[in-house]
Amino acid sequence: MPRRPQVMFEPRKSPIQARSTASVSSILEATIQVLLDVGKERLTTTRVALRAGVSVGTLYQYFPNKSALLQAALRRHLMEVTDAVELVCTEQRGRTLREMVTALITAFLEAKMRDAKTSVALYSVSSDVDGARIVQQMGIRSNKAIVRMLESTSDPLPADPQLVASMLQGAMVGVSRRMLESGAAEKQFDMLHRELIFMACAYLDAYRQMVGENVTRTVTKSTP
């Protein structure tokens, strides 16, 4: 049985000069526009080059094929979300848990929903371009930033910061995916944003109360 050819995802080269960076940015913007206009099946490097205003040869200097284009567009989108998470986590160091959670959830959802149609379109191609690996990489970056933020809280942290960070990430990703899949992200944003903050704060409050009760029981038992 003949082996399937391996798809090349990685860019041929990285832009160095400002002019090259601008060309790559234009190409990736055009990739998203073409994806939204005609879908992934009809998207071609020729269509993208035409929309970006560059030659196909220029496009091929950076991206060897359609898959590499789509992966780069997905990576850039996820990096923007991750950058937003890292920034807010840095800004919120030393604050209360409630302030941290509110700011984190707000920044994440705003970055994710800034262009809901683009998010949906890129998720539709994720499985075709090794998107799971990119999601994992960005998730690790976000997790580290959230853990560092939680470790600096002015409140007593009721649980292992790694566990709390993972729970917050899972809740944010799940709610954002629910919004995107519903097809009404803009209409549901305010409600789900508010409810997600309420749920996260209630989780932390309940955890703190449970830990406090356990400490009280332990002290009571040890008192003669």
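The values are calculated or read from the model by the stated rules, or taken from the named source; none is laboratory data. It should be emphasised that the depicted structure is a prediction, and the values quoted were computed from it without experimental measurement. No Cβ is skipped: glycine too gets one built from the backbone with ideal geometry, and neighbour counts run over all protein chains shown. For the accessible areas, the whole protein counts, side chains as well, though only heavy atoms, and no ligand, DNA or RNA atoms are used. Shrake-Rupley method; radii C 1.70, N 1.55, O 1.52, S 1.80 Å.
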Mind listing just one residue for me: the one in segment 52-70 that is farther than 14 Å from Thr31 by Cβ and of a type in the set (Gly, Ala, Ser) and, of those, surrounded by the fewest Cβ atoms within 10 Å (Cβ to Cβ)? Gly57
Filter segment 71-87 for residues that are touching a helix residue (DSSP H, G or I) at 6+ places or on another chain (Cβ under 6 Å), in contact (Cβ under 8 Å) with a residue 40 or more places away in the chain and either under 24 Å from Pro161 (Cβ atoms) or open to solvent by less than 10 Å² (accessible area, probe 1.4 Å) (or both) and give the result. Ala73, Leu74, Leu78, Val81, Thr82, Val85, Glu86
Selected residue (only one of Ser142, Ser182, Ser127, Ser222 is modelled with pLDDT under 90 and under 30 Å from Asn65 (Cα atoms)): Ser127
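Anything in segment 110-127 that is among the β-branched types (Val, Ile, Thr) and open to solvent by less than 20 Å² (accessible area, probe 1.4 Å)? List them, or say none.
Listed by number, the residues that qualify are Thr118, Val125.
Taking the conditions exactly as written (closer than 22 Å to Ala22 by Cα and out of contact with any Pro (no Cβ under 8 Å at 6 or more places or on another chain)), does Arg141 satisfy them or not?
Against the criterion (closer than 22 Å to Ala22 by Cα and out of contact with any Pro (no Cβ under 8 Å at 6 or more places or on another chain)), Arg141 does not qualify.
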Can you say whether Val173 is surrounded by fewer than 17 Cβ atoms within 10 Å (Cβ to Cβ), of a type in the set (Val, Ile, Thr) and at pLDDT 90 or above, as far as the supplied structure shows? yes
Looking for whichever is of a type outside the set (A, V, I, L, M), open to solvent by 10 Å² or more (accessible area, probe 1.4 Å), in contact (Cβ under 8 Å) with a residue 40 or more places away in the chain and assigned to a helix (DSSP H, G or I) here; the options are Thr90, Thr153. Which one fits? Thr90
Can you find a residue that is at pLDDT below 90, among the basic types (Lys, Arg) and assigned to a helix (DSSP H, G or I) anywhere in segment 194-205? no
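Is at least one residue of segment 152-161 charged (D, E, K, R), farther than 21 Å from Met79 by Cα and modelled with pLDDT of 95 or more?
no
Hey, among Ser154, Ser166, Ser176, Ser182, which residue is in contact with a Leu (Cβ under 7 Å, 6 or more places away or on another chain) and not basic (Lys, Arg)?
Ser176
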